[in-house]
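In what follows, a structure is listed as C-alpha cells, so that the remarks can point back to it.
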Amino acid sequence: MAQQETFSSAPSLAKVFVKAAIAGKKSGGALPTSELVLTGHKVGREHLMDYQRLCGFGVDDVLPHTYPHILGFPLQAELMARKAFPLPLVGLVHVENTITVRRTVTVDDVLDIAVHAENLRDHPKGRQVDLVTEVSVDGESVWSGRSTYLARGKGNPDAERGVEAPAIPKGVAAAQWSLPGDLGRQYAAISGDVNPIHMHSLTARAMGFPAAIAHGMWTSARVLGALGRSVNGPSTSHVWFKKPVLLPGKVDFVIESDSARKRLVVAGLRSTRKPETEHLVLTLETPTH
C-alpha cells in the first residue's frame with residue numbers, strides 16, 4: 001500500500017541535486033512505497049509561454065504535450081534522491097519516456113500531480129526503474145507519463161531490454177536547428193533541472209561528457225512542437241533517447257508518417273555533421289475518430 005506524502009509546493013530541484021550529491025552511492029534494496037503528491041497546482045501563464053517559446057510550441061492557454069512532465073519532475077527527483085531509493089540520482093540516464101494525454105489541459109485547470117516509482121529491474125548495462133507521473137483535475141486523470149531511467153553498472157546479459165525503438169526516418173531533413181551553447185541553462189531556468197551535465201562545459205566534463213548536453217526532455221518537446229498543435233490533444237508519445245546532443249550543435253529533424261495508419265508518426269533527431277549519429281526517435285499516435 002502506497003504511503004502518500006502531500007506537498008503544497010514543488011521541491012527545489014537545486015536543493016534536491018545537492019542532497020543527492022551528498023548522499024553518494026547507493027546499491028540494492030527495494031523501491032520505496034511512497035507516492036509524492038503536489039496538490040492544487042495552478043499553472044502560471046508567463047511560465048507556460050516561456051516554455052512554449054523555448055520548445056517550439058504555439059503560444060496559447062493549452063498545456064503542451066510535454067509540459068506536465070516538468071511539473072512532476074521535482075517530485076521524481078525528490079523521490080530518487082532519498083536514502084530509501086536504491087539507485088543514485090546522480091548519474092542516472094533518462095533512456096525512454098512515454099506520455100499519454102487524455103484530454104486537452106489548459107491554464108484554467110487546477111492540477112493534482114502524483115509520482116511513484118515502480119518496476120525496478122535488471123538491464124544488460126545495469127538496472128532500470130520507471131518513475132510514473134499522474135496528473136488529475138477534479139479526480140479525473142488527464143495526463144500520465146512514464147520516465148525510464150538507467151543506472152549504469154554491472155548488468156545482466158540475459159535481462160530484457162524492453163520495447164525496441166523503431167528505425168529513425170531516413171532521407172532529407174524536414175528542418176535543421178542550430179542549438180546555442182547556453183540552451184541547457186535556458187531550459188534549466190524554466191524547468192528547474194539544474195543537473196550539472198546541462199549547465200556548462202566545465203561541469204559536464206567533470207561528469208564525463210566532452211561538453212554540456214541538451215536536456216533530453218527539451219529535445220523531445222522540440223520534436224513534438226514541430227508536429228503542430230494537434231499533439232497537445234489526446235495522443236500518446238514514446239521517445240527513445242540515444243546519443244546526447246552536445247552544445248552548441250546543429251541537428252536534423254526527420255519525420256515520416258505510416259501511410260497505412262495515418263494516425264502514427266515517427267520522427268527523430270540526428271546530427272547534421274554526422275548523420276549516422278542518432279539522438280532520439282519518437283512515435284506519436286493519435287486516436288481515430
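The values are calculated or read from the model by the stated rules, or taken from the named source; none is laboratory data. Everything numeric here is computed off the predicted structure, so don't read it as measured data. All Cβ positions, even for glycine, are placed from backbone atoms using ideal geometry, and neighbour counts span all protein chains on display.
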In this structure, does Ala81 turn out to be in contact (Cβ under 8 Å) with a residue 40 or more places away in the chain, within 20 Å of Ile22 (Cβ to Cβ) and either buried (at least 17 other Cβ atoms within 10 Å of the Cβ) or among the small types (Gly, Ala, Ser) (or both)? yes
Qualifying positions in the range 155-184 - within 17 Å of the chain's Cα centre (by Cα) and closer than 16 Å to Arg222 by Cα: Leu183, Gly184
From the list Gly29, Gly72, which residue is among the small types (Gly, Ala, Ser), touching a residue at least 12 places away in the same chain (Cβ under 8 Å) and either buried (at least 17 other Cβ atoms within 10 Å of the Cβ) or in contact with a Ser or Thr (Cβ under 9 Å, 6 or more places away or on another chain) (or both)? Gly72
Yes or no: the range 11-20 includes at least one residue that is closer than 20 Å to Ala188 by Cβ, at pLDDT 95 or above and of a type outside the set (Asp, Glu). no
Within the range 121-165, the residues that are in contact (Cβ under 8 Å) with a residue 40 or more places away in the chain and surrounded by fewer than 18 Cβ atoms within 10 Å (Cβ to Cβ) are Arg146, Arg152, Gly162, Val163
How do the strands (runs of 3 or more DSSP E) wholly within the range 76-193 filter down when requiring 3 or more residues that are over 30 Å from Pro275 (Cα atoms): which remain? 110-123, 126-137, 140-152
Looking at (1) under 18 Å from the mean Cα position of the chain (by Cα); (2) assigned to a loop (DSSP other than H, G, I, E, B), which one does Thr288 not meet, given that it meets all the others? (1)
